[in-house]
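Here the structure is laid out as structure tokens; the discussion comes afterwards.
The values are calculated or read from the model by the stated rules, or taken from the named source; none is laboratory data. No experiment lies behind these values; they were computed from the predicted model shown. Glycine gets a Cβ as well: all are built from the backbone with ideal geometry, and neighbour counts include every protein chain shown. Remember, those area values only see protein heavy atoms, side chains included, never the ligands or the DNA or RNA. Shrake-Rupley method; radii C 1.70, N 1.55, O 1.52, S 1.80 Å.
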Amino acid sequence: MTATIAESTVEHPTPPTIDRRPRITHVSLRASLFQSLMMAWRGLLTFRHSPQLLYDALLLPIVGPLLFGSIFGTAIAGSMQAYLPILIPGVLVQIVLTSSVATGVQLSEDIRSGVFDRFVAMPIARSAPVAGALLAGATRYVIAATTVVIVGFAMGYRPDHPAGLLAGAVLVVLATTAISWLFAFIGVTVSRPAAVQGMSMLVLTFLSFASNALVPESAMPTWLRYVSDYNPVSYLVSAVRRLAEDGVIGTDALWSVVASLVIAAVFAPLTVRTLRAR
């Protein structure tokens with residue numbers, strides 16, 4: 001009887017195990033930079049095939065100065081012309097920062113559509129797709145900053161140091177590229193692109209309006225003045241105004257650079273770590 005049971009026992013084959021460990025665990029810095037540039041090229045090709053993605057970076061810098069100048073010009077400075085030295089540097093920072101929200105939304109869309117999973121399966125650095133998206137997003141910042149400067153001159157803005165204003169625009173583009181790591185982190189942690197845009201705009205609205213971008217701090221309530229004093233956007237706006245009016249790189253420029261690097265140093269590792277956990 002025992003022999004019969006032993007003969008009727010069916011041996012199930014052990015299912016093959018899949019080795020999910022990455023075959024490449026280390027990517028050199030040089031290879032990471034090259035892969036990031038290739039991902040940035042992919043982002044630029046996306047803009048080429050879908051130019052409507054750049055419409056906000058082109059049209060918002062036209063509408064923003066005209067709208068804010070008409071609303072706040074007479075109330076704050078007595079006329080739009082007198083308000084332009086306050087308005088143009090502030091709107092330059094505000095609009096370029098607004099353009100950086102699209103970077104987080106695009107990352108969330110890539111993750112949701114499965115494109116990012118294909119990138120992760122490739123033998124490339126995990127940071128390359130994100131860094132490439134941020135570098136491609138810098139194109140939007142250059143377009144937005146250039147348009148704001150052109151619209152400002154068309155409205156009659158004549159800074160004492162035009163070269164200083166251009167240097168300020170370059171500073172804004174570089175600082176925004178670093179700050180955009182914050183929106184990249186939101187893009188990889190929130191599942192839906194619409195929610196990413198909503199949360200990013202909430203953060204951006206607080207940063208841009210609780211600053212001296214559109215209104216002098218002397219016209220603010222006391223509590224809001226304290227918030228503006230520690231807001232990195234206020235330092236960036238003051239740096240652009242100082243460059244345009246005096247042609248001098250002041251302490252505000254140094255503090256804005258330090259604040260941008262701190263934001264990048266905090267949120268870049270968090271973003272890459274979040275992607276590794278996927």
**Request:** Take region 176-224 and flag every residue that is outside any helix (DSSP H, G or I), open to solvent by less than 40 Å² (accessible area, probe 1.4 Å) and more than 22 Å from Pro89 (Cα to Cα).
**Result:** Val190
**Message:** Looking at (1) assigned to a helix (DSSP H, G or I); (2) surrounded by fewer than 16 Cβ atoms within 10 Å (Cβ to Cβ); (3) modelled with pLDDT under 90; (4) not aromatic (Phe, Trp, Tyr), which one does Val258 not meet, given that it meets all the others?
**Reply:** (3)
**Item:** helices (runs of 4 or more DSSP H) enclosed by region 73-161 - at least 3 residues per element that are over 26 Å from Glu217 (Cβ atoms)
**Value:** 101-113, 115-121, 127-154
**Prompt:** Applying the selection to region 109-128, what residues are closer than 16 Å to His26 by Cα and open to solvent by less than 20 Å² (accessible area, probe 1.4 Å)?
**Reply:** Ala125, Ala128
**Scope region 54-64; condition at pLDDT 85 or above and of a type in the set (Gly, Ala, Ser); matching residues** = Gly64
**Prompt:** Within region 230-255, restricting attention to residues that are of a type outside the set (A, V, I, L, M, F, W, C) and open to solvent by less than 60 Å² (accessible area, probe 1.4 Å), which residue is nearest to Leu134 (Cα to Cα)?
**Reply:** Pro232
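Picking from Leu97, Leu84, Leu67, which residue would you name as being within 24 Å of Ser211 (Cβ to Cβ), open to solvent by 80 Å² or more (accessible area, probe 1.4 Å) and at pLDDT 80 or above?
On inspection, the qualifying residue turns out to be Leu67.
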**Request:** Kindly provide the set of residues from region 1-53 that are of a type in the set (Gly, Ala, Ser) and modelled with pLDDT under 80, ordered by number.
**Result:** Ala3, Ala6, Ser8, Ser28, Ser50
